[in-house]
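The structure appears right after this line, and notes come after that.
The values are calculated or read from the model by the stated rules, or taken from the named source; none is laboratory data. This is a predicted model, so every value here is computed, not measured. Ideal geometry is used to build each Cβ from the backbone, glycine not excepted, and the neighbour counts take in all protein chains shown. Each accessible area value is taken on the protein alone, full model and side chains, heavy atoms only, with ligands, DNA and RNA left out. Shrake-Rupley method; radii C 1.70, N 1.55, O 1.52, S 1.80 Å.
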Amino acid sequence: MILERLKLAGFEGYKHVEVEFSPGLNLITGRNSTGKTTLLDAVLFALYGEVPGVEKRMLVSRLATANNRLSVGLSVKLPNGRFEVWRTGVLYRKGGKENFRTEKTLLFVNEKAVPLAGEEDLRRKVSKLLGIGLKKFINLIYVRQGELTSILKPRKEDMDFILDINVLREVAEQLDEVRRILEKYEGRDVKTLVVTYREHELPRIEGYITSLNRQIAILEKEVTRLQEVLEKARSDDLKKLLLLIEKRDSYTTEISESRNRLQGILDGSNASNLQELRSLLDKAERDVETCSKNVMELDKRKRKVQDLFDAENRRLNEAEANLRTASASTMEELETLLGETKDLLGKLQSEVVDTEEEYADVLEARSSLAGKISSLRDEVKNHKRLLEEGVAECPTCGQKISPDLLREISFEKEAQIRRLETEYSKVDAKHKALDSKLKKLRGELEKAATRASTLAQVHDKVKMLLRGETLNGLRERCRLLKREVDELTSKITEEKARLARLEANRDSLKKAFVDATSIQKSIEKLEENLRKTVKEVSTSLKTLCLPFDAEDPDLKSRVAERIPLSREEIETKEAELQERKQRLKDLKSELKNNLKEKRKIEEKLSILEERLRKAEVTRGFIEKLREGIEKRRRRLLRNIQRQALSVYNTLTDQHVYKAFQIDPETYEVYVQPVGLAGFIPASRVGGGHQTLIALSIRMAILNVLGYRSLLILDEPTYGVDSQNLPQLMNYITEMAKNLRQVLLVTHYGIGMEEATNIIKVDIASDGSSQAKTLV
């Protein structure tokens, strides 16, 4: 596979970006924290729908211009075509918590849309197209930052997963579980069950079947003997005669019982015969009809009186309610209240007129005094102004004036003002008192007028409701109507009770008549059958030449005296025969059930033995599978060791190691330096050598497992000093020549000469990440 194009929108630090990949070495370069690894995360998310260790909601861009949505698309070229995968999602809040929801997933294979059942379905289809799942991808293809040399001392379960050992082991475990299931049957051990059925259950039931066969043979002989005895003791004609006699006696008994039942029904109904019972039923039906009509008439009359009572009672209640609103209980009280209220209204109106006249006089006097006081104050003010200005002549009349004269005149006028003010205070107090009194009188007048109006309205309304009657007269009318309603109700109740009794009597008579009629018909039919049977008995007696009366009550005993065996003996033998036959039938049924149980045991035994055989086959297969797994694992490790050394030697001319070795138990890598007899852990050699050995091991694993199309290295130079960087990059570029595509992320600007495609990542002015292809 070859990654071709990656499109992002709203993914982590990217707003919108489109990145083109090419075969060979793709160098993704830029400063720290610019978004290089984000491109690799986007590849993972596009292919598998997740980035291990990162919540999906954290993949959505947090830029100020972001819209809480992300979109990732990736096109991949395959040996037999290409496919394109798209995923879109959105952030949302629920219960105050931020969440991520996938909105749309699309998959196109060779430009044709593939139906999807959801995210898991898309992951399965992509894994199938790539031939590799997420876990193997991140352990084999994608080398994350700082994990390049982790392959020298990997986790055992990760290496098992890379080498597909875990899958084979899971198959072995599943087969072992199948073996355990085969060795159990209905919760019990199969071997124990086989022994139980073979040595105990089967012999027990076979012995019982033999015993049943012996008992059946004995009973069959006894049944044959009894049948021969009975055949000799009776003939078909005799048997027919005895049956007819029993039939005759049965009819006779039934007729007697039916007549007794019929007489009991007639006695219970006080009738001597069926016709009288019919007459009693007809009379009962007429009584019910008459009583029912009477109830209907009473009910109709009651409804009429009830309607009249309801109307009159509503009129009475409304009249009494209106009187209560006026605080009166009778029309006389209401008229008295109305007269008193009108008298009070006249009195208040007269008092208001008198008070208004007095108020007007006081108001006029008050205004006159106020005018005089104001005029005198103006004169005093002018005199004081002339005195202050030292004017010798009056500006109004031209008369000569002196200061003493002005002061004297001012003093007199001020004294006059004081007298007038005293008088004004008295008049003003009277004005206020009259004003307060007038307001109070007007309020009382308004209340009296409203009261009088209300009482007049109530009086008119009650008078209209009474319609010329007195209140007591209306009350008496309602009382009489109510009593009539109660009396009618009582009569209706009594009549309904009587109707119920009449209906019960009618129903009882109807049932008695139906039952009596049915019994009478049954008696007639039985008598007809009895006549026919007596005739047949007579014919049978003649056939057997027996001189007996067909209607003789003791005919049965008389016939028994003439046959070889008594009737009782025949019946005893017949009973004995029936008992033997039933016992024989039961034993044969029991034999059949035991034979069936024996077959079930044999079938179950066959199943259990087959399960044991399959369990043993499965056990042997599991052992061979586990041996095969171990052989395959060791063979893969030998191939990886050999190819890793070969790759190492092609990457450098420093051939300082004779051999590589991978511990088959822990997968830790060991190396044998030239000049040493033993191996040492690769994690103990120098940092540069560790990196080179790790690259060799990873390349060897890809070669051995057949995944030579893609390798992703995220910051493999992490932790390497600047002096060793060029050499490490030479190793990587040399290794890239053996793969179809390599994605290399580094923040160093080295390796550009060997790269077939250079993607420059930096930060734009708005803070978002951006990626540009330089080559």
> Which residue pairs have Cβ atoms closer than 9 Å, lie 6 or more positions apart in sequence or on different chains, and pair a first residue in the range 180-204 that is free of Cβ contacts under 8 Å to residues at least 24 places away in the same chain and acidic (Asp, Glu) with a second residue that is open to solvent by less than 100 Å² (accessible area, probe 1.4 Å) and part of a helix (DSSP H, G or I)?
Replying inline: Glu186/Leu193
> Quick one: what pairs do we get from the range 156-174, first residue open to solvent by 50 Å² or more (accessible area, probe 1.4 Å), second part of a helix (DSSP H, G or I) and at pLDDT below 75, C-beta under 9 Å, 6+ apart or different chains?
Replying inline: Glu157/Asn166; Phe161/Val167
> When the range 638-667 is examined, which residues are found to be open to solvent by 40 Å² or more (accessible area, probe 1.4 Å) and farther than 19 Å from Lys153 by Cα?
Replying inline: Ser646, Asn649, Thr650, Asp653, Gln654, His655, Val656, Lys658
> Across the range 356-390, what is the total count of residues that are closer than 14 Å to Ser425 by Cα, open to solvent by 50 Å² or more (accessible area, probe 1.4 Å) and small (Gly, Ala, Ser)?
Replying inline: 2
> Taking Glu668, is it without any contact (Cβ under 8 Å) to a residue 12 or more places away in the chain, among the charged types (D, E, K, R) and under 27 Å from Asn166 (Cβ atoms)?
Replying inline: no
> Of everything in the range 674-698 that's of a type outside the set (A, V, I, L, M, F, W, C), touching a residue at least 60 places away in the same chain (Cβ under 8 Å) and buried (at least 17 other Cβ atoms within 10 Å of the Cβ), which residue is nearest to Ser709 (Cα to Cα)?
Replying inline: Arg698
> From the list Val223, Val190, which one is open to solvent by less than 20 Å² (accessible area, probe 1.4 Å) and within 30 Å of Glu574 (Cβ to Cβ)?
Replying inline: Val223
>> I need a count of the residues in the range 324-355 that are polar (S, T, N, Q) and either exposed (fewer than 12 other Cβ atoms within 10 Å of the Cβ) or out of contact with any helix residue (DSSP H, G or I) (no Cβ under 7 Å at 6 or more places or on another chain) (or both).
In response: 3
>> Quick check on Ala512: is it open to solvent by 50 Å² or more (accessible area, probe 1.4 Å) and outside any loop (DSSP other than H, G, I, E, B)?
In response: no
>> Give me the strands (runs of 3 or more DSSP E) completely within the range 654-769, filtered to those with at least 3 residues that are at pLDDT 85 or above and under 54 Å from the mean Cα position of the chain (by Cα), ordered by residue number.
In response: 710-714, 741-746, 757-763
> Do we find that Gly187 is closer than 25 Å to Val43 by Cα and out of contact with any Pro (no Cβ under 7 Å at 6 or more places or on another chain) in this structure?
Replying inline: no
>> For a quick check of your reading of the model, give me the residue pairs whose first member lies in the range 207-225 and is over 16 Å from Gln582 (Cβ atoms), whose second is exposed (fewer than 15 other Cβ atoms within 10 Å of the Cβ) and of a type in the set (A, V, I, L, M), with beta-carbon atoms closer than 8 Å and at least 6 apart or on different chains.
In response: Ile209/Leu595
> Any idea which of Glu246, Glu289 is at pLDDT below 90, part of a helix (DSSP H, G or I) and among the charged types (D, E, K, R)?
Replying inline: Glu246
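Checking the conditions here, which among Glu487, Glu495 is surrounded by 12 or more Cβ atoms within 10 Å (Cβ to Cβ) and touching a residue at least 40 places away in the same chain (Cβ under 8 Å)?
Criteria check complete, one pass: Glu495.
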> How many of the residues in the range 699-710 are under 19 Å from Ser646 (Cα atoms), open to solvent by less than 10 Å² (accessible area, probe 1.4 Å) and either basic (Lys, Arg) or in contact (Cβ under 8 Å) with a residue 60 or more places away in the chain (or both)?
Replying inline: 3
>> I need a count of the residues in the range 547-565 that are modelled with pLDDT of 75 or more and open to solvent by less than 60 Å² (accessible area, probe 1.4 Å).
In response: 4
